[in-house]
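Let me begin by presenting the structure, written as structure tokens, before commenting on it.
None of the figures in this text is laboratory data; all of them are computed from the coordinates on show. The structure displayed is predicted, hence computed values, not measured ones. Every residue, glycine among them, receives a Cβ derived from its backbone with ideal geometry; neighbour counts consider all protein chains shown.
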Ligand SMILES: [Fe+2]
Ligand SMILES: [Fe+2]
């Protein structure tokens, strides 16, 4: 799926750039999984994606704390949900050789699209309003 089909820009350069990077890394990982690449390669790419996601969530969450953001608690819970989901699949794959199913990949894509077009979009609007950015 090309980047442009994933979701549209939030008009917030820092966040948009990170999202772009994450989609790129996510699609690279999906390619490795679909090609049945060796475990070591898949895990390397998986771990790299997870650490980039952690960094991205930290960036957003630091911005949450810079103003009175009402959805902060729920938005963070969403972030933690995704990380738990990814970690569970990672462990099942790494420790028990359970394959990362196409169901999981579809779920992930849909989750990310929904998250960006609801929580992130709304957060950016609130942030700009609070900071007086047009
Ligand atoms: Fe985000
Ligand atoms: Fe977010």
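Assorted remarks:
- The value obtained for the stretch 1-72, namely the Cα convex hull volume divided by the number of residues, is 95 Å³ per residue.
- For the chain, the longest principal axis of the C-alpha atoms and the axis of helix 13-34 are separated by about 10°.
- Residue 38/residue 122 FRET efficiency (R0 35 Å; Cβ-Cβ; nearest 0.05): 0.30
- Measuring max minus min along each principal axis, the C-alpha atoms of the chain give extents of 50, 28, 21 Å (largest first).
- Estimated 222 nm signal from helices in the chain, with DSSP H stretches of n ≥ 4 weighted -39500 (n - 2.57), rounded to 500: -25500 deg cm²/dmol
- Using alpha-carbon coordinates, inclination of helix 102-115 to the longest axis of the chain, degrees: 10
- Helix 72-96 axis versus longest C-alpha principal axis of the chain: approximately 10°, rounded to the nearest ten.
- Here the relative contact order of the chain, from alpha carbon pairs under 8 Å that lie six or more residues apart, stands at 31 percent.
- Alpha carbon centroid spacing (whole Å) that separates the stretch 1-79 from the stretch 83-132: 7
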